[in-house]
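Scroll down for the structure; my scribbles are underneath it.
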Amino acid sequence: MKILVTGGAGFIGSNIVDALIEKDHEVAIVDNLSTGLKENINQKAKFYEGDITSREILEEIFEKFSPEAIFHLAAQINVRHSVEDPLKDIKVNVIGTVNLLTLAEEYEVKKFIYSSTGGAIYGDDVERPTPETAEERPISPYGMDKLSAERFIEYFKGRNPSLKTICLRYANVYGPRQNPHGEAGVISIFTPKMLKEEPIEVWGDGEQTRDYVYVGDVVAVNLAALEFDGSGTYNIGTGVETSVNKLAEIVQAATDSQSEVKHVEAKEGEQKASSLSYQKAYQDLGWKPEVEFEEGVKRTVEWYRNRSNK
Ligand SMILES: NC(=O)c1ccc[n+]([C@@H]2O[C@H](COP(=O)([O-])OP(=O)(O)OC[C@H]3O[C@@H](n4cnc5c(N)ncnc54)[C@H](O)[C@@H]3O)[C@@H](O)[C@H]2O)c1
């Protein structure tokens, strides 16, 4: 199949591209390399360096490549930046998505798979592990814009009966190639520091929890979504909550590090707890997370070790 991956030079996107190529799909990538890296780009993919907010660059890609399916991952993913510059966030995360959707309509794309967020769409005080039926109450421009993009995807599906759309709302994704500046980079911040025996900082009492899902599992659900002959919105997490203190302990053990763990002032407005239920994804897509947290951290540490030895 001819597949376009936006953000295919980034952390999750590049892992998806590798898996698609492994399965003999023909893949094109569009990425502006704002956070993505050239070294992540699979040599067997066609690479278009450009911005998804540009009509011209996307039109050129659709004309030349004519994708049958799109995995849409390109995004401004930093919550703090979205607060500082909400207009930029809207431009990339909403307008960029609608730009793609209008071309997907024009070129009769059959499948649109969107990487959304569970962490930033459901507020505090929701049932945990959170099901898709929970009310969406985003509190940051990033969360609002990702949700707005989902609504546009739904709208375009409504007017194109042959278009199948899937929104995957991820928990905190971690693993090889994650860069530390994103939405959920705590493991990618701690690991290199611990490998260098530098101190790490934990905000507040460190008892705040998150749901960490391994990137290999996220790739697997994207492949399952491509096979699935339907549309829907799915929470993609493990349902397991891990505190920052526990996470620091696990990374410390995996890196065999003596780094000092310093507790610093809590971050205002930080969510206390979150985890997502994968029951609906299991029912419809036959997907469940397979990689245990300790194992995923080991693989991630291994990747950082190899990288620093290069
Ligand atoms: N990492 C997580 O835990 C997590 C959680 C929830 C949702 N997501 C979503 O998953 C997707 C991928 O995130 P990631 O963690 O791999 O981040 P990433 O920053 O590694 O990947 C994003 C990619 O998009 C590219 N990009 C950004 N703006 C662009 C633009 N205007 N035009 C073209 N390319 C652009 C970047 O260069 C980068 O390669 C995002 O849509 C994000 O919202 C990630």
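Points worth noting:
- For the chain, the antiparallel share of DSSP beta bridges with both residues in that region comes to about 5%.
- Contact order relative to length of the chain, as percent, for alpha carbon pairs under 8 angstrom and 6 or more apart: 18
- Between Ser277 and Thr130, the built amide H atoms are under 5 Å apart, and every one of these is 5 or more places off in sequence or on another chain.
- Long-range HN-HN contacts of Lys46 with modeled amide H, under 5 Å: Val27, Ala28, Ile29
- Sequentially through segment 88-100, phi angles give Karplus couplings (6.51, -1.76, 1.60; θ = phi - 60°) of 5, 4, 4, 4, 6, 7, 9, 5, x, 5, 5, 3, 5 Hz, Gly and Pro residues having no value and appearing as x.
- Highest mean packing comes first when the peptides 114-125, 187-198, 236-247 are listed by Cβ atoms within 10 Å, giving 114-125, 236-247, 187-198.
- Applied to segment 27-42, the Karplus parametrisation 6.51 cos²θ - 1.76 cosθ + 1.60 on θ = phi - 60° returns per-residue 3J(HN,Hα) values of 10, 10, 10, 10, 7, 9, 6, 6, 10, x, 10, 4, 5, 7, 6, 5 Hz, with x for Gly and Pro.
- Using a Förster distance of 45 Å, the FRET efficiency for Arg80-Glu108 (Cβ separation, nearest 0.05): 0.70
- Ordering of 271-284, 212-225 by packing [mean C-beta count within 10 Å, highest first]: 212-225, 271-284
- Fully extended contour minus Cα-Cα distance, from Glu127 to Glu197, at 0.36 nm per residue: 21.4 nm
- Extension gain (nm, one decimal) between Ala266 and Glu154, 0.36 nm per residue minus Cα-Cα: 36.6 nm
- Taking amide hydrogens as placed 1.01 Å from N in the peptide plane, the amide H of Val173 sits under 5 Å from those of Val213, each at least 5 positions away in sequence or on another chain.
- Rounded to the nearest 10 degrees, the inclination of helix 244-255 to the longest alpha-carbon principal axis of the chain is 90 degrees.
- Folded to 0 to 90 degrees: helix 215-227 orientation relative to the chain principal axis, Cα: 20
- Contact order normalised by residue count of segment 193-310, Cα under 8 Å, 6+ apart, percent: 41
- Beta bridges assigned by DSSP with both partners in segment 172-310 are antiparallel in approximately 20 percent of cases.
Bear in mind that the values in this text are calculations on the coordinates, not laboratory data. Please read all numbers here as calculations on a predicted model, not as lab measurements. Neighbour counts run over all protein chains shown; Cβ positions are idealised from the backbone, glycine included.
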